[in-house]
1. If I filter the range 44-53 down to residues being buried (at least 17 other Cβ atoms within 10 Å of the Cβ) and in a helix (DSSP H, G or I), which single residue comes out as farthest from the chain's Cα centre (by Cα)?
2. Return the residues of the range 367-377 that are touching a residue at least 60 places away in the same chain (Cβ under 8 Å) and assigned to a helix (DSSP H, G or I); say none if nothing qualifies.
3. Can you tell me which residue in the range 374-402 is farthest from the chain's Cα centre (by Cα), limited to those that are at pLDDT below 80 and surrounded by fewer than 20 Cβ atoms within 10 Å (Cβ to Cβ)?
4. Could you list, ordered by first residue, the pairs with Cβ atoms under 7 Å in which the first is in the range 47-73 and under 28 Å from Ser211 (Cα atoms) and the second is among the acidic types (Asp, Glu), at least 6 apart or interchain?
5. Quick check on Ala399: is it touching a Lys or Arg at 6+ places or on another chain (Cβ under 9 Å) and within 23 Å of Glu230 (Cβ to Cβ)?
6. Kindly indicate the residue of the range 203-231 that is crowded, with 18+ Cβ neighbours inside 10 Å and among the β-branched types (Val, Ile, Thr) and also nearest to Glu141 (Cα to Cα) among those meeting that condition.
7. Find all pairs meeting these conditions: Cβ atoms under 9 angstrom apart; at least six residues apart or on different chains; first residue within the range 111-133 and closer than 14 Å to Val259 by Cβ; second residue outside any helix (DSSP H, G or I) and modelled with pLDDT under 95.
Amino acid sequence: MSRVVAALLAAASCAPAAQAEVPPSAGQPSIAPFTLEQALRAAGVASPSVEAADADLRAAEAGRAVARLKPNPEAQLEVENVAGSRSYSGLQSAETTAGIALPIELGGKRSARVALADAQVDRARIAAAIAEAELQRRVTEAYIDTASSERRIAIAQQEADFAAAGFRAATARVTAGAASPIEQQRADVIRINANLALEKAKREAEVARGSLARLIGQSVSGPLDDAWFEKIGTYGPAEPVAVERTLVYAAAQADFSAVSAQVGLARSQRVPDLTLTAGARYFSDTNSTAAVVGLSLPLPFFNNGRASVDQAEALERAASSRRRVAAVEAEREIAEAQAALAIAAANARAAGGPGLDAAMEAARIAAIGYANGKFTQLDLIEGQRTLAQTRAAYVDALAEYHRAEALLMRLTAPARNSGDQP
């Protein structure tokens, strides 16, 4: 009987948070944990979404280089008075003209193109920053899922240990004639269910670790950073956040700038471009040459570009409205995320504080009392269930806290300056 009591006391006095990894023995070297920072670095190298955003940025920068180019000149060659009748048969009366046509852009078209390309580069740069921030949130959440699932393995293992110890205690009591055989059967059912729950927790942890590995592009071996998972920051009153510096607002502002540049381009395109031509003409019949110059100018009778300007201005007004909506939504989401983080931090502290200590003490007393015939088996089961639920609630509260923190970091991620590199 003393061995049963010792087993129950050992199971009931485990660490509050139930470490997912077994600490190494004195003769074994400790394994460095795989930290969140390592996961983020690995994901940044292997993420297709970040690669795609960087490629879009390079394409936008190449587009800006294209926008700075001037129109190419055009080489012209023209032969007249050939293959005709009588004196114009053959080439004896041919007139051959060779020249160059040079387009001249008017109305500031080139500068308008460059302004639009600059706006598109800024938008692509912000999109790359958004991809990085979103990847950071996804990796953080996957890391949280993996860490919490492995904590749940420890909880399930302790439940299984409780159930095994309870089954041994029930068997000893039945053998001694101090309890009904139904207690032994009930304890056996609890033990079987606890073992099944343990296997389920292990499979879920394997899935979570595999998802994290696929996301960061490398296998994840060894323990995770338990110290980070248990750490709860100190938060006072919510500090105001400059919405104009967030990625959400910066993206809306970049969209507005691009549309505004499109308005400037549409206005510049209303001004017709000139084409200057210059060349030389050779007269075969007199074996003489003469200079040829020309000037062409489109006549905007049917399409004067007014409709394109109206369209661009309407899109500009829409982008301005969406920018205001983005500011309001960003303020609301950040305020909600700050409140959710403060609540999650308070819940995590409460779940790992007096409530957990009380549940541990209740389970300890129930184990001693049942082994000595002072409490019923139902008292023992209830004490152990309460302790397991309290520990699970603590893990859930820690996970919820870290998710809330990751969401707030995503919402308040600062926009990258135009001079920064991705």
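The values are calculated or read from the model by the stated rules, or taken from the named source; none is laboratory data. Predicted, not measured: the structure shown is a model, and the values here were computed from it. Virtual Cβ from ideal backbone geometry, glycine too; neighbours counted across all protein chains shown.
1. Ranking the candidates gives Ala53 first.
2. If the condition is that a residue be touching a residue at least 60 places away in the same chain (Cβ under 8 Å) and assigned to a helix (DSSP H, G or I), then Ala367, Ile368, Tyr370, Ala371, Gln377 are the ones that fit.
3. So, considering only residues that are at pLDDT below 80 and surrounded by fewer than 20 Cβ atoms within 10 Å (Cβ to Cβ), the one farthest from the chain's Cα centre (by Cα) is Lys374.
4. The qualifying pairs are Val50/Glu132.
5. yes
6. Ranking the candidates gives Ile216 first.
7. Ala112/Gln269; Asp118/Ser418; Asp122/Ser418
Conditions (1) assigned to a helix (DSSP H, G or I); (2) of a type outside the set (D, E, K, R); (3) out of contact with any Cys (no Cβ under 9 Å at 6 or more places or on another chain), marked per residue:
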| site | (1), (2), (3) |
| --- | --- |
| Gly279 | no, yes, yes |
| Glu313 | yes, no, yes |
| Arg317 | yes, no, yes |
| Ser321 | yes, yes, yes |
| Glu333 | yes, no, yes |
